[in-house]
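Before any comments, here is the structure.
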């Protein structure tokens with residue numbers, strides 16, 4: 001299983017409008033690794049304003065990059081997801097937040 005998340009804006013409709021190009025997917029197999037690096041968890045991310053999520057995402061990436069020897073051993077033994085995947089997706093999410101600071105996170109968890 002994986003987390004499918006995106007940024008959305010409130011249009012007044014029952015559901016928010018997804019912002020094209022912000023849909024990201026990361027396997028739950030990496031959850032332990034990214035939480036150890038500072039990620040707040042997928043459930044906590046839902047509904048969070050992008051401007052508030054961005055610093056946490058950037059700090060998580062910074063922590064991952066600062067000590068690969070600590071985090072690479074947490075790669076899932078089943079091969080589904082890697083340290084590099086975590087960095088790539090979280091960096092993309094942080095960039096999305098920077099471009100759309102008033103949007104909020106939605107997703108399928």
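Every number here is computed from the coordinates shown, using simple stated rules; none is lab data. Everything quoted here is computed from the prediction, not taken from an experiment. Every residue, glycine among them, receives a Cβ derived from its backbone with ideal geometry; neighbour counts consider all protein chains shown.
The mean sequence distance of close C-alpha pairs (under 8 Å, at least 6 residues apart), as a share of the length of the chain, puts its relative contact order at 41 percent.
Against the chain, whose longest principal axis is taken from its Cα atoms, helix 50-66 shows a tilt of about 10°. If R0 is 22 Å, the Cβ-Cβ spacing of residue 63 and residue 98 corresponds to a FRET efficiency of close to 0.75. Extension gain, residue 88-residue 70: 0.36 nm per intervening residue step, less the Cα-Cα distance, totals 4.7 nm.
Its Cα gyration tensor gives the chain an equivalent ellipsoid, and the semi-axes of that ellipsoid, as √(5λ) in whole Å with the largest first, are 25, 14, 10.
With the simple model of a label 7 Å out from the Cα in the direction of the Cβ, residue 4 to residue 25 spans 0.7 nm. Helix 83-99 and the longest principal axis of the Cα set of the chain meet at an angle near 30°. Between residue 36 and residue 80, the modelled labels are 2.0 nm apart [label points 7 Å from Cα along Cα→Cβ].
Normalise the Cα radius of gyration of region 55-109 by 2.2 N^0.38 Å (N = residues in it) and let me know the number.
On the way: Rg = 12.8 Å, N = 55, 2.2 N^0.38 = 10.1 Å.
Rounded to two decimals, the normalised Rg is 1.27.
Relative contact order, whole percent, for region 45-96 stands at 47, derived from Cα pairs under 8 Å and 6 or more residues apart.
If packing is taken as the average number of other Cβ atoms within 10 Å across a peptide's residues, how do 27-35, 74-82 rank, most packed first? Each step should come with its number before you reach the end.
Values: 27-35: 18.8, 74-82: 13.9.
Taking the mean over residues of other Cβ atoms within 10 Å, the ranking is 27-35, 74-82.
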